[in-house]
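Engineer: One structure follows; several queries about it will come next.
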Amino acid sequence: MGDPMTDGQHSRRAALQRQSAQRLEQLREGPDSNAVRQSEARRRTKSVGSVAVVAAALVAMLLVGAWLALGQGHGSYEGFPRASASTGVRPRQVGMSVRHQRIVSYSFGGGPRRFLIVGGIHGNEYGAAVGEALVQKLQSDPRLVPPGTRFDVIPDVNPDGHLADTRGNADGVDLNRNFPTADWSPVLSAGDTSSSRGLTGGSSPGSEPETQAIIRQLQTGYEAVMTLHSRAGIVDFNGPGGASLAASVSSVIGLPVEHLPYQSQIRGSMGEFVPVKFGIPVITLELTSSQLTTRTLMGVMAIAQ
Ligand SMILES: [Zn+2]
């Protein structure tokens, strides 16, 4: 049973697709190449004598001033070279793994509409690599954050599993079966994949420090959540409005909207827990690559449809 889309949602999705196409176009061309070319041409024609030195210094000061001013906010970069330096967004510790590795979150944008992206809940999947690449990309190019939004990114919520290349955490718990849902069980379902063999749902609902870190972060209030998994190549969803949100992400990222075949047998997952507890949708993005392609990047941003 999906959520039927209203006309409003159709037109919002059309607007989103137009926006995404424009952004993709800008990214392909590189920003404002005309302005850069004109500026270089101006500098070349004045490259004689001391007047040229003073003029070049003034141009450089103006460009640096404008660049610094733009780097402070998320205004238009129209007419100026793309900022290539980091925005200096620092990680904030939101938890600690079983083996005492820090779990951190980065916040991009200061808008009232808040979105949470969680990578690496399964340590042997592509989520952490893509989550970390997403942080780097947003650090260097903050204009990618849609206006009016704030994106909190926890790139690697299971650092012990990531380090050991295991699906579970250091306690042998599948974190995506450890959430305190009504049907939580320490024993994984027979429908779970073979990669879950030997893992448990935890000693009690929400027993793991990594799960607790996600829950604490969720309590700060979000409009929607996206988790980064692999490798099914689908956009899965749960919760109110999840179907239309998944359709928007799907149209940008080019992966189909589908449920995992064994979804009905999954217990204690984040996809089950978040809508019931917080009344918001969860998009489960099943990646096909550890690379953050432009489509993947824009697909993640499309959660703010
Ligand atoms: Zn997974």
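Engineer: I'd like the full set of residues that are under 17 Å from residue 178 (Cα atoms) and part of a strand (DSSP E or B), limited to the range 200-227.
Structural biologist: 200, 227
Engineer: Applying the selection to the range 271-299, what residues are within 15 Å of the ligand (Cβ to nearest atom) and under 15 Å from residue 235 (Cβ atoms)?
Structural biologist: Within the range 271-299, 271, 282, 283, 284, 285, 286, 287, 288, 289 qualify.
Engineer: Of all residues in the range 135-165, how many are at negative phi and in a loop (DSSP other than H, G, I, E, B)?
Structural biologist: Step one: of the range 135-165, the residues at negative phi are 135-147, 149-164.
This time we only want the ones that are in a loop (DSSP other than H, G, I, E, B), so: 141, 145-147, 155-158.
The total comes to 8.
Engineer: Got at least one residue in the range 248-263 being more than 16 Å from the ligand (Cβ to nearest atom), modelled with pLDDT of 95 or more, in a loop (DSSP other than H, G, I, E, B) and farther than 28 Å from residue 194 by Cα?
Structural biologist: Pass one, the range 248-263, residues more than 16 Å from the ligand (Cβ to nearest atom): 248-254, 256-257.
Filter again for modelled with pLDDT of 95 or more, leaving 248-254, 256-257.
Pick out the ones that are also in a loop (DSSP other than H, G, I, E, B) and you get 254, 256.
Among the residues that remain, those that are also farther than 28 Å from residue 194 by Cα are: none.
Within the range 248-263 (the criterion being more than 16 Å from the ligand (Cβ to nearest atom), modelled with pLDDT of 95 or more, in a loop (DSSP other than H, G, I, E, B) and farther than 28 Å from residue 194 by Cα), the answer is no, since none of the residues qualifies.
Engineer: Working only within the range 173-183, note down all residues that are away from the ligand (no atom under 16 Å from the Cβ) and not β-branched (Val, Ile, Thr).
Structural biologist: Taking the range 173-183 as the starting set, the residues that turn out to be away from the ligand (no atom under 16 Å from the Cβ) are 180-183.
Hits for the range 173-183 are 180, 182, 183.
Engineer: Also, quick follow-up: If I filter the range 107-134 down to residues being outside any loop (DSSP other than H, G, I, E, B) and surrounded by fewer than 22 Cβ atoms within 10 Å (Cβ to Cβ), which single residue comes out as farthest from the ligand (Cβ to nearest atom)?
Structural biologist: Taking the range 107-134 first, the residues outside any loop (DSSP other than H, G, I, E, B) are 107-108, 113-119, 127-134.
From what's left, surrounded by fewer than 22 Cβ atoms within 10 Å (Cβ to Cβ): 107, 113-114, 129, 132-133.
Values: 107: 24, 113: 26, 114: 24, 129: 13, 132: 16, 133: 17 Å.
Taking the candidates together, the pick is 113.
Engineer: While we're here: Restricting to the range 148-203, name every residue that is buried (at least 20 other Cβ atoms within 10 Å of the Cβ) and polar (S, T, N, Q).
Structural biologist: Of everything in the range 148-203, those that are buried (at least 20 other Cβ atoms within 10 Å of the Cβ) and polar (S, T, N, Q) turn out to be 158, 169, 176, 178, 181.
The values are calculated or read from the model by the stated rules, or taken from the named source; none is laboratory data. The model shown is predicted, which means the values in this text are computed figures rather than measured ones. Heads up, the Cβs are rebuilt from the backbone with ideal geometry, glycines too, and the neighbour counts pull from every protein chain shown.
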